[in-house]
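Reading through the structure tokens given below for one structure.
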Amino acid sequence: METRRDIFQAIADPTRRAIISLIVLQAMTPNAIAEQFDSTRQTVSNHIKVLQECGLVTSKQKGREIYYQIHPKKLKALADWLEPFQKMWEERLDNFGDYVIKLKNKKQNK
Amino acid sequence: MNHTDDLQSRTLTIKRTFDAPVEIVWEAWTQPEHVAEWWAPKGMKVKVVEHNFKVGGKWKYSMPMPDGNDFISEGVYSVIIELQKIFTSADFRPMTEGVEMQSFFEKEGEKTNFTFNVIHATEEYCKAQEKMGFYNGWGSALERLNTLVKSLNK
């Protein structure tokens, strides 16, 4: 049985990304997370389950409450690959700018 | 919130001036054999799967990712005005879906002023983020991730 979830598939969903954004700052109980969304508790709980299955989120028991938190190592692996959108475009346009100059020089030397 | 503010908060703008005539900048931006040279981040390769450069035409680029999947970017051109501007829809799976990209080319002698807008998604897509005050969706999530990652590296 395939239990390991693909991390990129896990973050492809906007609600799951929103959950990550929430608990990246502090561990939260399932109730506290669910309060931030319009969806039902069950739906939010399913999303958390997917995040747990791919290892991005772990849980810990504190007294009677369960807290969900980000798993830093897994997150780092993801963040290493996923650069901020703006930075990605800045770099792409840097690439493009370099390439334009190369192309110009090539044409002039013809 | 009025519509203009909303649009601005959903738009990423990057301006550049390239030291090359607009014809060359246009060619580098629009010809598939050139796109393949600059689209991918350093150290990665991109494959131009489809490149139908006309209004209503589709483009699709594929980048292999470290985990073995492909990172697909694709869209459909909606406006093409030769040497002036290009609008296209764009999906970057799995990061950012349903954005519009606008590229403006402006001739300034032998240089080219280039303005690039990425307008993020529909309100529907942003809904979960908006509720918590995130307008750029992924952007703010990634900033937080980066802050955390930096603190981990210390």
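What follows draws every value from the coordinates through simple rules; no lab data is involved. Since the structure is predicted, the reported quantities are computational estimates derived from the model, not experimental observations. Neighbour counts are summed over all protein chains in view; Cβ atoms, including those assigned to glycine, are modelled from backbone coordinates with ideal geometry.
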Original post:
Which of A:Leu93, A:Leu25, A:Leu56 comes first, and how do the rest follow, when ranked by fewest Cβ neighbours within 10 Å?
Top reply: A:Leu25, A:Leu93, A:Leu56
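Quick one: length gained pulling A:Asp94 to A:Gln69 fully straight, 0.36 nm per residue minus the C-alpha distance?
Details: separation 25, 0.36 × 25 = 9.00 nm, distance 3.64 nm.
That works out to 5.4 nm of additional length.
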Subject >> Peptide-level mean, for A:46-53, of C-beta atoms on other protein chains within 10 Å >> reply: 0
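Treat the count of other C-beta atoms within 10 Å as a stand-in for reagent exposure and order B:Thr112, A:Thr40, B:Thr11 from fewest to most. Provide the component values of the computation, followed by the final result.
Numbers: B:Thr112 23, A:Thr40 10, B:Thr11 16.
Arranged by neighbour count, lowest to highest, B:Thr112, A:Thr40, B:Thr11 become A:Thr40, B:Thr11, B:Thr112.
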Original post:
How crowded by other chains is B:30-38, given as the mean number of beta carbons from other chains within 10 Å of each beta carbon?
Top reply: 3
